[in-house]
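The values are calculated or read from the model by the stated rules, or taken from the named source; none is laboratory data. Everything quoted here is computed from the prediction, not taken from an experiment. A quick note on method: Cβ atoms are made from the backbone with ideal geometry, for glycine too, and the neighbour counts reach across all protein chains shown.
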Amino acid sequence: MDTAFFVAWIEEIAHVIADQRDHLTKLDAAIGDADHGANLDRGFSAAREALASADPPPATPGDVLTLTGTTLIRKVGGASGPLYGSAFRQMGKTLGDAPEVTPAALAMALEAGLAVVQRLGAAEEGDKTMVDALAPAIRTLTAALEDTPADGSYGPVLEDAARAAAEGAHATIPLLARKGRASYLGPRSIGHEDPGAASTALILAALSTTAAATAAK
Amino acid sequence: MDTAFFVAWIEEIAHVIADQRDHLTKLDAAIGDADHGANLDRGFSAAREALASADPPPATPGDVLTLTGTTLIRKVGGASGPLYGSAFRQMGKTLGDAPEVTPAALAMALEAGLAVVQRLGAAEEGDKTMVDALAPAIRTLTAALEDTPADGSYGPVLEDAARAAAEGAHATIPLLARKGRASYLGPRSIGHEDPGAASTALILAALSTTAAATAAK
Amino acid sequence: MKKLINGADSVVSDALTGLAAAHPELRVDVAKRIVTRAGGPRRGKVGLVSGGGSGHEPLHAGFVGHGMLDAACPGEIFTSPVPDQLIEATNAVNGGAGVLHIVKNYTGDVLNFEMAAELCAEDGVEVATVLVNDDVAVQDSLFTAGRRGTGATLFVEKIAGALAEGGAPLDEVASVGNEVNARSRSFGVALSACTTPTAGKPTFELGEGEIELGIGIHGEPGRVRAPMAPAREIVRVAMDAIHEDLPLSGDTLVLVNGMGGTPLIELYVVFAEVAAYLGERGARISRSLVGDYVTSLDMQGFSVTVCRLSEELTRLWDAPVQTPALRWGR
Amino acid sequence: MKKLINGADSVVSDALTGLAAAHPELRVDVAKRIVTRAGGPRRGKVGLVSGGGSGHEPLHAGFVGHGMLDAACPGEIFTSPVPDQLIEATNAVNGGAGVLHIVKNYTGDVLNFEMAAELCAEDGVEVATVLVNDDVAVQDSLFTAGRRGTGATLFVEKIAGALAEGGAPLDEVASVGNEVNARSRSFGVALSACTTPTAGKPTFELGEGEIELGIGIHGEPGRVRAPMAPAREIVRVAMDAIHEDLPLSGDTLVLVNGMGGTPLIELYVVFAEVAAYLGERGARISRSLVGDYVTSLDMQGFSVTVCRLSEELTRLWDAPVQTPALRWGR
Ligand SMILES: Nc1ncnc2c1ncn2[C@@H]1O[C@H](COP(=O)(O)OP(=O)(O)O)[C@@H](O)[C@H]1O
Ligand SMILES: Nc1ncnc2c1ncn2[C@@H]1O[C@H](COP(=O)(O)OP(=O)(O)O)[C@@H](O)[C@H]1O
Ligand SMILES: [Mg+2]
Ligand SMILES: [Mg+2]
Ligand SMILES: [Mg+2]
Ligand SMILES: [Mg+2]
């Protein structure tokens, strides 16, 4: 996966988040404050623009993710801004200046991003946050890497990871929230999908979509 | 018509206004400020209590109407308080200390009451106010007096006056208001019955009811 | 209808009880419904009395205090006070220099104040009256009830209050009040109707895409219903109506007033448009207020009031005032 | 949804434009969304910066001025500001004595302020933080997000602001802020949900006979839904929750706060009940505020905040303040 791949990923995220903006807002209206869709839409469309207009353009996958993270921090606000922003920045840092990223390196970067989210937000799995989508996705990815086909095609692996993220998001429905705004609702948070987990699932789905599109070329 | 008759009239007014309170409020909500029912209910139930607890009790019809008017002024507020209050006070004054009131004297008193309403409020007939119910009622009464039966039974005469008031109230529906709050609506006041005209019709209906009840005894 | 009340009949008394608890600097007679300054009348100072129906808070009780009113008489919701209240308040604040009645032009208010003024005069109290009628949405003629008194009431109470505080005689205080009224115009817009506790439901129904233009402060519908529009366009309708009646130029005092249910953030959006409108016409906002001052229960909407200032009026506006709802300089 | 706006995306900017037009004593950077005092920082005075999502007006921009905040950073509606804003504001108000961040305890606010504080510290600016978490409706533990910051924010900003104005050093200003927070508790009740401009419809639906108990200020539902009840009973629920957490006695500062869509007359009815409740427990209301101070757009409802005063806190509360929404003593 090269620099263009990562730019394509962020563009795909911006696209799918814009598309699902109202859905995310609706999820946040139920157990939060009805701004998650608008927040991420503002953030990722700014990231897409930042990447397009960066001069010089980002030279490495690490540059792409770092600039994305910085832009999210600068544009989103709320809880998701610093969390996603720091995660992307950490991923960028972890990738360093490698021009090509292997699935294994990507998994490590995601792992580092998750660690930052947990350091900042102190959420454990099961607390009904974005962590509940990100953690299982990474686990699936790491496990699948062990039997990646020799031809190095990582499409199916990322597809599995995206599916795990979606399942993780779905599995937040019966949970009682212990972090973020939803926690104020106590038991009334039960029965609703966490908006941040849902957006994480979209971000991982975008990764898989991007891989499929790249493979198709 | 003696003192007891006038006390009975005020009691009947209090009764019928309480009964029609929501209806009057609804009329006032359409082209005013939704308080006419509450205003008159407060006023006439206070008048009934004032009459019941007056010590010494009112000795003449004039006393009854004066005390009623004073109580309305003290308890109602709004436009209808001073208008109805002054009208009743003026009627009381006009009747003087006569112990018995003839239909002719009553007509004169009502006439004097109307004059006060018009002096204070400057409304002409056709301006969509209580004047539009009171004026035709008085005209009917005065005209009918000329052929009151020799036995002095004034029931049918008062019934005619009440009917004229009701018709006058009904006839305010197509009018454009030129006085009171409804005038702020301009042409949008058309199509609604004036609440004050409606309450005047109730007051005259109460007069006729009281006469009928007295005659039945 | 959901309201934070104990019952429709006790709203006004309960609110006055709360007013008394919150403002020890006021004397609140809950039973008689008279709010005065705790200190009593000042010898030789003209007393200012205002009043009107309840439901317009902070008007008028929230404007009782140093530099503004001496007494307020709240009536029932949307019902003018009765003469007894006004007479008692007039006597309570009479410091021997006479009393000014500030009356919003509604038939009920005018009649009840007139009765009170007559009786006070018979008792030897000198009473003058300023009639406030600033609402350009309403046709003004001898053959109508005339224009309503709305936002300019606050201006009149503040500026006449400042002059009275300075020791001016009754005729001057009345005349500055009349001047402020003559220099002021208002226009109101509703996004929703209000609900009185006794009626229990909204006085009119507005659809999702409708607004009322030219509303008053008693929940009555406006002159016309119009389609919902961006703030910029709604403000233009309001300001055009004002500007047509009183060409706007020079220094102005501007009140962007919430009707009770409108968030402050929206009032500031409106204020930005009012400022742009005035700027385009070369008028200057030299003093302003943004907030809920002359309300209509829970109605959503706003009114804008503009007063063309003179130097003297500006000075009086700036004079210290210390009331529950308006305070500066002390 | 009907709102007095030009569009969902421009609400915050348009309102800031209005704020600038209405308050020449403020410097409003509409593009960067930073509101400071027009004068710039005072050498040697601790700077106070607060901020948070928009939609809570007058909080925080309405509290910028002498004796209170030096800067406010409004975010998008209900979205905390971003670090850039906070860093720039911190630098703008740094008079060399360090800067206090007053942060309401929400994950987003905490994280963004933390990032800003870290970067400011790296740049050599001394930053201290007071975290406000007064809302007793929310469970407080290490394993939750903790209690929300609501009405006590105003108390912290006023009292820390007064101390800073007097020239106290950063640690003392921070410590009085923490003390105010520790002595304050709040509880909120909604009669209706609010509607954000982007969502376009209410965040939850309440039936004609239902209310939400224990709500925050972001339109989130409360802890429980309950049947509508008279003001007296609703107030008892709120005050019991506060009293259980912080036994009420002695001198208190009480805020009865409207959520944005509640008429003032109802807030005074609520205040009367709060006063009766405190009176029964032998506590004294020695200072108070009634009105819309920490709002949630157009939500109908109220919150009550009680702070147990000391003599020193009372003195600081009484110190002069001159801001758009809170003003006395000058
Ligand atoms: N402490 C936390 N750790 C991890 N994720 C969190 C935490 N707090 C909130 N989140 C995530 O952030 C999402 C909400 O984001 P958003 O609505 O944009 O911000 P805000 O809650 O400030 O309005 C939640 O759905 C949750 O997934
Ligand atoms: N100038 C007037 N002359 C005669 N009647 C009037 C006048 N103004 C108002 N009214 C009557 O008063 C009625 C309204 O009374 P009410 O609702 O109690 O007072 P308010 O208008 O002050 O709320 C109107 O329906 C009308 O009949
Ligand atoms: Mg949110
Ligand atoms: Mg009426
Ligand atoms: Mg009325
Ligand atoms: Mg948010």
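Points to keep in mind about this one:
- When D:ALA241 is tested against the conditions (1) at the interface with chain C (Cβ under 8 Å from one of its Cβ atoms); (2) not in a strand (DSSP E or B), the lone failure is (1).
Yes or no, residue by residue, for (1) within 13 Å of chain C (Cβ to nearest Cβ); (2) in a helix (DSSP H, G or I); (3) within 25 Å of C:GLU76 (Cα to Cα); (4) within 16 Å of ligand 5 (Cβ to nearest atom):
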site: B:ALA30; (1), (2), (3), (4): yes, yes, yes, yes
site: B:LEU40; (1), (2), (3), (4): yes, yes, yes, yes
site: B:SER45; (1), (2), (3), (4): yes, yes, yes, no
site: B:GLU49; (1), (2), (3), (4): no, yes, yes, no
site: B:GLY62; (1), (2), (3), (4): no, yes, no, no
site: B:ALA87; (1), (2), (3), (4): yes, yes, yes, no
site: B:VAL101; (1), (2), (3), (4): no, no, no, no
site: B:ALA115; (1), (2), (3), (4): no, yes, no, no
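- Residue count for the stretch C:246-271, restricted to those that are facing another protein chain (nearest Cβ under 7 Å) and either surrounded by fewer than 24 Cβ atoms within 10 Å (Cβ to Cβ) or touching a residue at least 40 places away in the same chain (Cβ under 8 Å) (or both): 3.
- Within the stretch D:317-330, tally of residues that are outside any loop (DSSP other than H, G, I, E, B) and surrounded by 22 or more Cβ atoms within 10 Å (Cβ to Cβ): 1
- A single entry from D:GLU165, D:GLU157, D:GLU233 fulfils the requirement of being charged (D, E, K, R), free of Cβ contacts under 8 Å to residues at least 12 places away in the same chain and away from chain A (no Cβ under 14 Å): D:GLU233.
- C:GLU122 modelled with pLDDT under 95, more than 16 Å from ligand 2 (Cβ to nearest atom), at negative phi and surrounded by fewer than 24 Cβ atoms within 10 Å (Cβ to Cβ): yes
- Filter result (in contact (Cβ under 8 Å) with a residue 40 or more places away in the chain, more than 12 Å from every other protein chain (Cβ to nearest Cβ) and touching a His at 6+ places or on another chain (Cβ under 8 Å)) within the stretch D:47-72: D:VAL49, D:SER50, D:LEU69
- Residue check for A:GLU11: over 14 Å from A:ILE203 (Cα atoms), surrounded by fewer than 21 Cβ atoms within 10 Å (Cβ to Cβ) and modelled with pLDDT of 95 or more: no
- Residue match in the stretch C:294-305 (condition: surrounded by fewer than 23 Cβ atoms within 10 Å (Cβ to Cβ), over 15 Å from C:VAL270 (Cα atoms) and of a type in the set (Gly, Ala, Ser)): no
- Test: residue in the stretch B:134-151 that is under 17 Å from B:ILE203 (Cα atoms) and either of a type in the set (Asp, Glu) or in contact with a Ser or Thr (Cβ under 6 Å, 6 or more places away or on another chain) (or both): yes
- Screening the stretch C:8-46 for residues that are without any contact (Cβ under 8 Å) to a residue 12 or more places away in the chain and facing chain D (nearest Cβ under 7 Å) and picking the one that is surrounded by the most Cβ atoms within 10 Å (Cβ to Cβ) gives C:GLY18.
- Of all residues in the stretch A:1-52 being farther than 17 Å from D:GLY219 by Cα and out of contact with any helix residue (DSSP H, G or I) (no Cβ under 8 Å at 6 or more places or on another chain), the one that is farthest from ligand 4 (Cβ to nearest atom): A:ALA4
- Flag for B:LEU176 being part of a loop (DSSP other than H, G, I, E, B) and either over 25 Å from C:GLU114 (Cβ atoms) or of a type in the set (Val, Ile, Thr) (or both): yes
- In the stretch B:123-143, residue farthest from ligand 4 (Cβ to nearest atom) [restricted to those that are of a type outside the set (A, V, I, L, M) and under 14 Å from the mean Cα position of the chain (by Cα)]: B:PRO136
- Enumeration of residues in the stretch D:97-111 that are facing chain A (nearest Cβ under 9 Å), touching a Gly at 6+ places or on another chain (Cβ under 8 Å) and either part of a strand (DSSP E or B) or not polar (S, T, N, Q) (or both): D:TYR106, D:GLY108, D:ASP109, D:LEU111
- Checking each residue in the stretch D:191-229 for being touching a residue at least 24 places away in the same chain (Cβ under 8 Å) and away from chain A (no Cβ under 13 Å) picks out D:LEU191, D:SER192, D:ILE211, D:MET228.
- Complete set of residues in the stretch D:155-208 that are in the same structural domain as D:GLY47 (by TED's automatic domain parsing), farther than 28 Å from D:PHE271 by Cβ and not small (Gly, Ala, Ser): D:GLU165, D:PRO169, D:LEU170, D:ASP171, D:GLU172, D:VAL173
- Residue selected from the stretch B:175-217 under the condition of a type in the set (A, V, I, L, M, F, W, C) and surrounded by fewer than 19 Cβ atoms within 10 Å (Cβ to Cβ), by the criterion nearest to C:GLY146 (Cα to Cα): B:LEU176
- Among the candidates D:GLY200, D:GLY216, residue that is crowded, with 22+ Cβ neighbours inside 10 Å and modelled with pLDDT under 95: D:GLY216
- Complete set of residues in the stretch B:117-126 that are buried (at least 22 other Cβ atoms within 10 Å of the Cβ) and in a helix (DSSP H, G or I): B:VAL117, B:GLY121
- Subset of the stretch A:64-85 [buried (at least 24 other Cβ atoms within 10 Å of the Cβ) and either within 16 Å of ligand 3 (Cβ to nearest atom) or part of a loop (DSSP other than H, G, I, E, B) (or both)]: A:LEU72, A:VAL76, A:GLY77, A:GLY78, A:ALA79, A:SER80, A:GLY81, A:PRO82, A:LEU83, A:TYR84, A:GLY85
Conditions tested, residue by residue: (1) under 30 Å from D:LYS201 (Cα atoms); (2) part of a helix (DSSP H, G or I); (3) among the polar types (S, T, N, Q).
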residue: D:TYR268; (1), (2), (3): yes, yes, no
residue: D:VAL274; (1), (2), (3): no, yes, no
residue: D:ARG287; (1), (2), (3): no, no, no
residue: D:THR314; (1), (2), (3): no, yes, yes
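- Here D:LEU316 clears all of (1) within 12 Å of chain C (Cβ to nearest Cβ); (2) in contact with a helix residue (DSSP H, G or I) (Cβ under 6 Å, 6 or more places away or on another chain) except the condition numbered (1).
- When A:VAL76, A:VAL64, A:VAL117, A:VAL101 are checked against the criterion of being over 12 Å from the mean Cα position of the chain (by Cα) and under 16 Å from D:GLU114 (Cβ atoms), A:VAL76 stands alone in meeting it.
- If the condition is being over 11 Å from D:GLY216 (Cα atoms) and polar (S, T, N, Q), then the stretch D:131-190 contributes D:ASN133, D:GLN139, D:SER141, D:THR144, D:THR153, D:SER175, D:ASN178, D:ASN181, D:SER184.
- Of the residues screened, B:GLU100 is one that is surrounded by fewer than 19 Cβ atoms within 10 Å (Cβ to Cβ), touching a residue at least 60 places away in the same chain (Cβ under 8 Å) and among the acidic types (Asp, Glu).
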